[in-house]
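What follows is a single structure, written as structure tokens, with notes after it.
The values are calculated or read from the model by the stated rules, or taken from the named source; none is laboratory data. Not measured: the values here are computed from a predicted model. Glycine gets a Cβ as well: all are built from the backbone with ideal geometry, and neighbour counts include every protein chain shown. Just so you know, the surface numbers come from the protein's heavy atoms only, side chains and all, with ligands and any DNA or RNA stripped out. Shrake-Rupley method; radii C 1.70, N 1.55, O 1.52, S 1.80 Å.
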Amino acid sequence: MPEALTTVPHATDRPDFTEASSTVGLGVVQLEGGYTYTYDSDAVGSTKSHSFPETLLRVGILAEWIEFRIAQNYAEETTTDFGVSRTTETGAEDLYLGIKWGLTAHEGILPEMALITQLTVPSGDDPCTAGVTRPGVVW
């Protein structure tokens, strides 16, 4: 008789505005993608943007609680001054590299937590690059 199938919890980090508190697990490779559209306007103008493919590759390395992350994205932003002008800027954004560290598992009142050490490498197209390496930390 075959063994019973078990399910593995699956949490994604894309597309979103927050990060999951879990890692993918040792030896797991997970490719994520998404699309974000924004629009904002007032009496004098508007801004519209598209962000795609919001690609994030997550790879579990060394232990269940460590993952390597690499991401690439393309952006398009159109700014309109009503009755005056319209400009559109497009290009690849800077390459994102990171490591997610699982800190705690959910036990009782202790929440699951993770820390992401990250940086972007100045590799994007003008005007989508910062032009410098930008380090950061997300808890």
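Within the range 94-114, can you find the residues that are β-branched (Val, Ile, Thr) and not in a loop (DSSP other than H, G, I, E, B)?
99, 104
For (1) within 18 Å of residue 34 (Cβ to Cβ); (2) in contact with a Lys or Arg (Cβ under 8 Å, 6 or more places away or on another chain); (3) assigned to a strand (DSSP E or B), each residue gets a yes or a no:
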position: 70; (1), (2), (3): yes, no, yes
position: 76; (1), (2), (3): yes, no, yes
position: 88; (1), (2), (3): no, no, yes
position: 91; (1), (2), (3): no, no, yes
position: 123; (1), (2), (3): no, no, no
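Scan the range 73-85 and tell me whether some residue there is exposed (fewer than 12 other Cβ atoms within 10 Å of the Cβ), in contact with a Ser or Thr (Cβ under 7 Å, 6 or more places away or on another chain), closer than 28 Å to residue 48 by Cβ and among the polar types (S, T, N, Q).
No, the range 73-85 has no match at all.
Give all pairs with beta carbons closer than 7 Å in which a residue from the range 128-139 that is farther than 21 Å from residue 90 by Cα meets a residue that is assigned to a loop (DSSP other than H, G, I, E, B) and open to solvent by 50 Å² or more (accessible area, probe 1.4 Å); count only pairs at least 6 apart in sequence or on separate chains.
So the pair list comes out as 138/19.
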